[in-house]
Amino acid sequence: MIEKLSSKIKSAIRSRSKTVTFTVDEVTELITEINDLLIQKNKLNSRIIELLEEQNTKEINVEAGGF
């Protein structure tokens, strides 16, 4: 959907149109797609935080074991 709407915008720019019209369904679908992407991003960020925390714990344990 993002590509479809982007194509509409690019076409309007090329034709020097002052307006671009989107249907309610297009906007709804776009919002849903953006929401899904944000959910994926949040899941990835959470996983990255978990991995960083695991790495930090391992590094602390190695340093503490050296005493």
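We did not get these values from a lab; they are worked out from the coordinates using the rules stated. In this text the structure is predicted, and so the values were computed from the model without any measurement. Glycine also receives a Cβ, built like all others from the backbone with ideal geometry; neighbour counts cover every protein chain displayed.
With no solvent and one point per C-alpha, what does the Debye sum give as log10 I(q)/I(0) for segment 21-67 at q = 0.14, 0.17 Å⁻¹? Computed log10 I(q)/I(0) values: -0.55, -0.64. Look at Leu44, Leu30 and count the other Cβ atoms within 10 Å of each Cβ; fewest to most, that gives Leu44, Leu30.
Multiply the residue separation of Glu59 and Leu37 by 0.36 nm, subtract the distance between their alpha-carbon atoms, and state the gained length in nm to one decimal.
Values: separation 22, 0.36 × 22 = 7.92 nm, distance 3.27 nm.
Here the segment from Glu59 to Leu37 would lengthen by 4.6 nm.
When the dipole is taken about the Cα centre of the chain, and only Lys, Arg (+1) and Asp, Glu (-1) are charged at their Cβ, what size is it in debye, to the nearest 20? Don't skip to the answer; put the middle values down first.
On the way: 10 positive and 11 negative charges, 151 e Å.
The calculation lands at about 720 debye.
Axis of helix 2-14 versus longest Cα principal axis of the chain: the two differ by about 50°, to the nearest ten degrees.
Ranking Leu30, Thr19, Val62 by Cα position along the charge dipole of the chain, where only Lys, Arg, Asp and Glu carry charges on their C-beta atoms, puts Thr19 farthest toward the positive end. Angle between the Cα long axis of helix 24-65 and the longest principal axis of the chain, 0 to 90 degrees, nearest 10? For helix 24-65, the angle is close to 10 degrees. Under a 5 Å amide H cut-off, with hydrogens placed 1.01 Å from N, Phe22 pairs with nothing among residues at least 5 apart or on other chains. Using only DSSP helix segments of four residues or longer, with each worth -39500 (n - 2.57), what per-residue ellipticity at 222 nm results for the chain after dividing by its residue count and rounding to 500? About -29500 deg cm²/dmol. Ordered by the number of other Cβ atoms lying within 10 Å of each residue's own Cβ, fewest first, Val27, Val62 fall into the sequence Val62, Val27. For segment 1-42, the average shadow cast by the Cα convex hull is 3.2 nm², which is a quarter of the hull's surface.
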